[in-house]
1. Could you tell me which of rounded, prolate or oblate describes the protein assembly as shown, using a ≥ b ≥ c as the square roots of the eigenvalues of the alpha-carbon gyration tensor, with rounded for a/c under 1.5 and, failing that, prolate when a/b is larger than b/c and oblate otherwise?
2. Give me the percent of the accessible area of the protein assembly as shown that comes from carbon and sulfur atoms, probe 1.4 Å, all protein chains in place.
3. Indicate the residues belonging to the range B:23-42 that lose 40 Å² or more of solvent-accessible heavy-atom surface (probe 1.4 Å) upon moving from the chain alone to the assembly of all protein chains, ignoring ligands and nucleic acids.
4. Considering only the other residues whose Cβ falls under 13 Å of the Cβ of residue A:113, what net charge follows from Lys and Arg at +1 and Asp and Glu at -1?
5. If you count, for every residue in C:92-100, the Cβ atoms of partner chains within 10 Å of its Cβ, what is the mean?
6. Karplus couplings for the range C:31-37 from phi (6.51 cos²θ - 1.76 cosθ + 1.60, θ = phi - 60°), rounded to Hz, Gly and Pro as x?
7. For the residue pair residue F:68 and residue B:18, what label-to-label distance in nm results when each label sits 7 Å from Cα along the Cα-to-beta-carbon direction?
8. Put simply, what bits of the range C:105-137 lose 50 Å² or more of accessible area when the other protein chains are there, versus the chain on its own (1.4 Å probe)?
Protein chains: 6
Amino acid sequence: MIYLTRIEHFNAAHKLFNPEWDKEKNEMIFGKCANENWHGHNYELQVTIKGEVNEGTGFLFDVKQLSLLIKEYVLEEIDHKNLNLEVDFLKGKMCSTENLAIGIWNRLKMYLPSEVILHKIKLYETPRIFVEYFGEIK
Amino acid sequence: MIYLTRIEHFNAAHKLFNPEWDKEKNEMIFGKCANENWHGHNYELQVTIKGEVNEGTGFLFDVKQLSLLIKEYVLEEIDHKNLNLEVDFLKGKMCSTENLAIGIWNRLKMYLPSEVILHKIKLYETPRIFVEYFGEIK
Amino acid sequence: MIYLTRIEHFNAAHKLFNPEWDKEKNEMIFGKCANENWHGHNYELQVTIKGEVNEGTGFLFDVKQLSLLIKEYVLEEIDHKNLNLEVDFLKGKMCSTENLAIGIWNRLKMYLPSEVILHKIKLYETPRIFVEYFGEIK
Amino acid sequence: MIYLTRIEHFNAAHKLFNPEWDKEKNEMIFGKCANENWHGHNYELQVTIKGEVNEGTGFLFDVKQLSLLIKEYVLEEIDHKNLNLEVDFLKGKMCSTENLAIGIWNRLKMYLPSEVILHKIKLYETPRIFVEYFGEIK
Amino acid sequence: MIYLTRIEHFNAAHKLFNPEWDKEKNEMIFGKCANENWHGHNYELQVTIKGEVNEGTGFLFDVKQLSLLIKEYVLEEIDHKNLNLEVDFLKGKMCSTENLAIGIWNRLKMYLPSEVILHKIKLYETPRIFVEYFGEIK
Amino acid sequence: MIYLTRIEHFNAAHKLFNPEWDKEKNEMIFGKCANENWHGHNYELQVTIKGEVNEGTGFLFDVKQLSLLIKEYVLEEIDHKNLNLEVDFLKGKMCSTENLAIGIWNRLKMYLPSEVILHKIKLYETPRIFVEYFGEIK
């Protein structure tokens, strides 16, 4: 078993705002992140897959293919987007780094070739904050 | 003459959109950055000042004071904000990294103590793009 | 289960010196790190907690609260301090990165709210050396 | 149980080329990496060991010794080398990051002192691609 | 006057070997870098241009265009290449970081649009070694 | 004219304490940095030299020689040392990053070969604070 990770970047706007709470409670809980006019981030996304090394290529999986799959099925949906308004897989959910990581996991899970085992999504919101998700049963 | 730099971070939402052009021209010129629903960045701000070393302190200037001044007069205005809608010193200007760096220079210039000579504003929009500004006559 | 990490920084002085050994043996074992006049480091501290996502906030735990707890109960004790002379939780122990990481784990364990599960302490002593600790039973 | 990691760097040339395939198939599979005139990388190598803390030293293991062992038994073989032509432990294998990480694991395993338990080899080929290997049974 | 920098990456193989000297002298001068079987690097390239801000776009120059120009006229020539054997603008020259930076400057100078003033080429060979070039008359 | 930079690292203990002032004034001016029991840093040192490229080597100057000179004449004096107590070139001066950068400049100036022109000392005290010095007449 070996683990291969590809790192990608994207930018997006969001706000942390629970529509079931009034503005005051949102500001108490989320502080500046509740700003109704949005703020945004340069996210760093690390996608880790695992499996056996193919003898012919020496690869677990072609990392350029992995990069293309991430771009087509994930970054296309979220890069330079408003996470609250424009991202289908976050509809009805809080736009936290936690939910974004879980959403990316679920999306990649659907579109990765069956021989690729998704192991981890690691998502930096800022250089000092990151979230890791290994799927539901761990 | 010695140079001292303090690095700070902030997050903000923006879009690149010239209101004198129609949506089509904006998208042709600015691509994904023209998304009307905004996107955003983790900016890294480097403020460089210059001058002589004070013999009593060994400092050009107290870097903790410099950090507080940047926070009070710059970050307070732009951190977790929408640069197009909420920042006075960008009103009527395109919200590019270039104009943001110039705006930060002009603001710090006003509020730094007279013994501090501002030398450079360096502003990263992403880990691969940055702008430097040394003031008007250089 | 999701994992959330907050990164903090602190500076401290220390020396590697076992008082039960003479100076010669200490220098043989610890080399330059045994310098009786101390040396020091910029440490990078990564605190990882784990748990379930709260539906109302989208958070595992508020990362700003986590940062404040680390500052109040850990950094207050060790930042800009002499690890050998001034840190209660290192008294009677060698001031290695290993023991510092274990000490930080034990301290945070005491003060984190009961709903937060501490998962890992990762501590960089230099950009090329780090230690990870997951608690006693692993 | 505690984990200690030492980070080292090396440079090498390689190509991805399977001699059992013709040039066309190699270029189809490996793209620019199949260039017969070689290309190369600055690799970053992270070696993680695990075990108990020694009470006398406060160390899991002396990290300077670990660095010397990595240099003597691994970097000496691969730094500033051609991975396809000059590295015994890669003979007959594709020179992928996966196989290089496994080869480094096997070599260190042989030469580390018996009290040191090797836990992980993490190998960056570029700042955006890395592989992790934990040994055969995991 | 404002300065805009775009950062790109490429990989290449090279050796430091002066064909007018014998192998012994080359090894004495260049050490491991003279290895006749090549070694290689992940280079980081920073291209800085300067000029005035355009009022309509807020840009000195469109950084995505700058990136495309660097890719088309520079990276296309050197990425995943053997610098000694395959790069026209290095023919007859030693493949040092210094000469590579000068060669990149000369090439970009030829192909950048006339309204763009090239200011600096900064080229990292390793994370601890870089060269800067500002053109011939400075 | 071309510029070549070598990056090195060292660790040291220091305190900011002016012996002509009482403890109270030192703490008012220097805050936690005045702690009489010392604190410390991982410093990053960047040494930039300038000159013409040698045609035979392709080098401005052999960067490995530059590294050895920095180690022999600078790091030997300050690495794993107490800057206040053990560094001759800081005697009688405040141990600020500013004075440390100037001291390193003066020392390297003395020991660099005459064909090497020292251009800049850049010294990071923490990842967010650095000082640059270009010599006395600039």
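The values are calculated or read from the model by the stated rules, or taken from the named source; none is laboratory data. Keep in mind the model is a prediction, meaning the values are calculated, not measured. Neighbour counts run over all protein chains shown; Cβ positions are idealised from the backbone, glycine included. All accessible areas refer to the heavy atoms of the entire protein, side chains included, with ligands and DNA or RNA removed. Shrake-Rupley method; radii C 1.70, N 1.55, O 1.52, S 1.80 Å.
1. Values: a/c = 1.07, a/b = 1.00, b/c = 1.07.
Cα axes put the protein assembly as shown in the rounded bin.
2. 49 percent
3. Checking the loss per residue gives B:30, B:32, B:35, B:37, B:38, B:39, B:40, B:42.
4. Value of the local net charge: -2.
5. Mean partner shielding for this stretch: 5.
6. x, 4, 5, 8, 3, 5, 8
7. About 5.8 nm separates the two model spin labels.
8. Residues passing the criterion (a loss of at least 50 Å², heavy atoms only) are C:128, C:129, C:130, C:132.
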